[in-house]
1. What whole-number distance in Å separates the alpha-carbon centres of region 146-174 and region 63-79?
2. Two decimals is fine: what's Rg over Rh for region 63-127, C-alpha atoms, Kirkwood radius as Rh?
3. For Tyr56 and Gln155 in the same chain, what is the full-extension length gain: residue separation times 0.36 nm, less their Cα-Cα distance, in nm?
4. Roughly how many debye, to the nearest 20, is the charge dipole of region 63-127 about its Cα centre, given +1 on each Lys and Arg Cβ, -1 on each Asp and Glu Cβ, and no other charges?
5. How do Leu194, Leu187, Leu58 rank when sorted from fewest to most other Cβ atoms within 10 Å of their own Cβ?
6. Modelling each spin label as a point 7 Å along the Cα-to-Cβ direction, I'd like the Leu194/Phe128 distance in nm, to one decimal.
Amino acid sequence: MRESLGPMSARLLSGPSLIAVLATIGLVACSSAPAATSTDFAADAWATSALADAPYLLAPGDKLEVIVHTAPELSRELVVAPDGRIRMPLAEPLMAMARTPDEVAADLRESLASELRDPDLDVVATEFASQKVFVGGEVREPGMFDLPGQIDPYQAIVMAGGLTRDAKAKDVLLIRRLPGGEVSSTLVDVSAGLRDPKLANWLPLRRFDVIYVPRTGISKQNQFVQQYVRDALPIPFSLYYDVSGKSR
């Protein structure tokens, strides 16, 4: 199921300007969350780095089972709210979005320490909200798409109606948020994979990945940030990339 966002006029940066932009993603953030560090990965390193094996990060709509071993009456099922937080009796609202269940459990233990002598608990993800990716730029129908399974960047582009005539298929940008708040990126040469299937060694996409297909031209950094990062990302993705893994 696709959620259309209308046309997008943003264009891609390259080189140092691209890195500067990626460092900006997540810095227009909520509250006083510390700025996330941006990292840039080559396409051949993407699949073999920690990016490929990064743990599952929670998102709004995910269901969690909180098991409090030292106070079973507090055990319950929680749902990550649209603002990314969970709320539990005796504890302050905690940020769960873009964090692992273990990280959430650690925060809950700390929050409950003032109420319980030994807040021994576990947090287990029991149900997951829809898996979405965002495809934008020079595709015919940009928008949010549900992941039907393990698909690669080109398959996501096909879901978005395919490339436009002005697409620069050799520099497709993938953006992914890592545990801890970093925003990582890689450029994928989709055109090379189309010419030779042996070159189509693309990493399967994960929930909340952003796939951006640039034009053949280059725009200024402030135009890219304003038109793409701030205006073009749908609200769930904007929240996901703005909220630091350390925020509460």
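1. Distance between centres, Cα-based: 40 Å.
2. Here the Rg-to-Rh quotient is 0.92.
3. 33.4 nm
4. Using only the charged Cβ atoms, the result is roughly 160 debye.
5. Placing the least packed residue first, the sequence is Leu194, Leu187, Leu58.
6. 3.0
All of the numbers you see were taken from the coordinates with simple rules; none came from a lab. The model shown is predicted, which means the values in this text are computed figures rather than measured ones. Please note: Cβ atoms are built from the backbone with ideal geometry, for glycine as well, and neighbour counts cover all protein chains shown.
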